[in-house]
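The values are calculated or read from the model by the stated rules, or taken from the named source; none is laboratory data. These figures come from a predicted structure and were not determined experimentally. Just the protein is used for accessible areas: all its heavy atoms, side chains included, with ligands, DNA and RNA removed. Shrake-Rupley method; radii C 1.70, N 1.55, O 1.52, S 1.80 Å.
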Amino acid sequence: MAAELLGGAALGAVVGELFKAVLDLGERAINFNPVLKDISSKLNAITPLVKQIDELNEYLDISREETERLRGLMDEGKRLLLQCGDVKLGNLNYLKKPFYTQKLRDLDSALRSFMDVLLLQMARDQKKNLKMMNQMMEIICRLDNRGGSSKAMDLIVPPCLVPPLREQTVGLEKPVKELKLKLLKNGAQMVVVTAPGGCGKTTLALKFCHDKEIKDIFQGKILFVVVSRNPDWKLIFKNIIESLRGIQLPDSQNDERAFCYLELWLKQAAQNHPVLIVLDDVWNGPEAEGLLHKLLQLPHCKILVTSRFSFPRFSESYYLEPLSHENAIKLLLLAASLEKESSKLPDEETIKKIIGGCKRLPLALKVIGTSLSRRPTSVWKVTGRNMSRSGSIFDSEKELLECLQSSLDELDDKMVIKESFMDLGSFRENQRISASTFIDICRVLYERDETEAMATLDELFSRSLVNSVTTREYGYDDEFYEQYWFTQHDILRDLAIHLMNLEPIEQRKRLFLDINGNDVPEWWVHQEKHPSNARLISITTDERFSSSWPDMEASKVEVLILNIHSRTYNLPGFMNRMTKLKVLIISNFDSFPTEMTSEDNEPLNCLPSLERTRFERISVPLFSNPNQKPLINLQKISFFMCKFGETKIWDLMPNLVEISVDFCKDLSGIPNGVCEIVRLQKLSITNCHGLCSLPEDIGKLINLRTLRLRSCIHLEELPESTTKLRGLVVLDISNCVGVAKLPEKIGELHELEKVDMRNCSSLRKLPLSIKHLKKLKLLCDGEIAERLKTVAPHLAKQVKVHQEQANLEWLGL
């Protein structure tokens, strides 16, 4: 090590010389072993700091006095060590051992002091440079902001969080080890993991991200980006920057400018710890190849790509092989909840046929395995026989779909589950779907209530047909499903689309349209066919779509899903003839809320049957038309990351039963119009950081059973009129860190059964009247639980002290 240090830059060489002097003492150091060990420890700690100064001398402002002090200290240490080398038992210098020992201790203290000063100065300089860089980026961002606003950027949830690895993996230890060798040991900046769909590329990438060694190397700077077909690279770059910085940036004008932001940030912020960027599910094409090549120019950055396609331009690739025969058996039995020694285990030949039919692909093994769970061996044998007839090798993706289809055939006696699976093809590839949206669809198409709909979703999850992305053990406790999200593997989505396409358009019960640019299907342009039998229609468009709609006759449609990606969007005029429409879901995947218009300027005027709506990233003045008729049958409305502005929408929905508003940052208060909706039973306003107060008239909501204000961090108190909500059963103010007190007469809410007060750090005391709440179950932190023992000791047994840390991985922003 000493030789390596001597070969370094100026300061490194000075420290290296002292280190060499310590090593050169050899056996002579025995007389001063304890203190020399301390000095060696200090030098080990100082060495990387000095190397960093040498490498970053243009960025750090270490004074000349400090560097000279270090040189002097090192020179003095070398002289002292030479003198200590002459101290031997039996000579006159040995009498000076106590003197030299003290001198060495003084040197050790001086090194400790210098190291502290060095750390403080480096931290100061790095923060100063980081601040300057942030200021530069803010100036650039403001120049990009068309309005020229100097408004401060908003703190956000990082959009590129690494999802949790929920499933037990099989056979990935070796691939993870080999990937680490390629990406870390061999010095590659980018590695492309390639394999057919269903081979486990995403699972491998997640296992790699959650590996302890990888976490230690990248120190939390690991970003996971799902790319998929037709990516918006400008938005991807923006999301990466926002994840690194933790603040929201304005929209940039083009890919090049967004890339410049990212490059600028990495040059400063990733000097000490590199960044790992995982790009999952990248599709082939000139644009993707060009941008991957550009990413190779980023400093202090490692990139892991997963793709069904190979990219010949990039030399470092890793082909993920199917599972070994032994691991395939493990995964199949794991999915079927069978042990290898189980008496219910099918015969070896049957298992071999099933594994051969699945070609040892993890996705196929999991889906087929879960479909066979708890089934008699006769069903296993029939499945194995059927799969062996079609051959053991997939010649195309179509054969994989046919293999997976066999698992759906097992659902013929559970038609609602099968039909619900098919409905999920209506969402975008890799989209995170809210359980609340799933409930809305099931409620209308299959007449399932919330509990039954969630049981259906759980069944799909247990069969590996969907993947959960939410980690909340209290998930369904109070029927709060807005923050329960799930995804579906793109191959399984393709299966739903494949099965839909087997039917003629006129006979389809559901129709999925994915429009690139203005490439509308010919049958639609020429009005040759109409989905006259469809109950669900989904239309997905991108930023190039001109909103020029052909006409459509779809009189039986009850669910309409519009997946959009644009700043402005013109609703189709044919909506007005969908008189049976009960569920309308509009999801925008641009980074900013979409301004909605309509071909006839009356967007929702002719929807007399509409019962449930959900809007994601939409500008709510959609309802600002003065001619808008009241939606008298509307029972539920949900807003996610929407922009409210000035709107009087609540006057148009007199019979609402449920309102959900989540992550709508500009919502500063609840309009009094809400308090006039006397039929309202559920009011959920969550993660709305602009919400400061509730209206005094909230007491008018006499039928309200659930009031949820979770994570409204600037809310300071609940008005006393809250105590007039005599039917209130659930009150959730968790993570409302600004709430300092509860209403004094809260004890008058005799029906109150659950109060969630986790992380209410400003709440210092509880009202005495809380002791009158006989049914109350309280979820809170330890401090509040202790206070409750004093105020209402008889409620102490009904208190659950919750220690769970905030989890944001469900958010697909």
Carbon and sulfur atoms account, in whole percent of the 1.4 Å probe accessible area of the range 511-731, for 48 percent
note: the range 511-731, Cα-Cα separations exceeding 24 Å make up a percent value of 45 percent
Quick note, the range 658-813: a/c under 1.5 would make it rounded; otherwise a/b > b/c is prolate and the rest oblate (a ≥ b ≥ c, C-alpha gyration tensor); here it is oblate
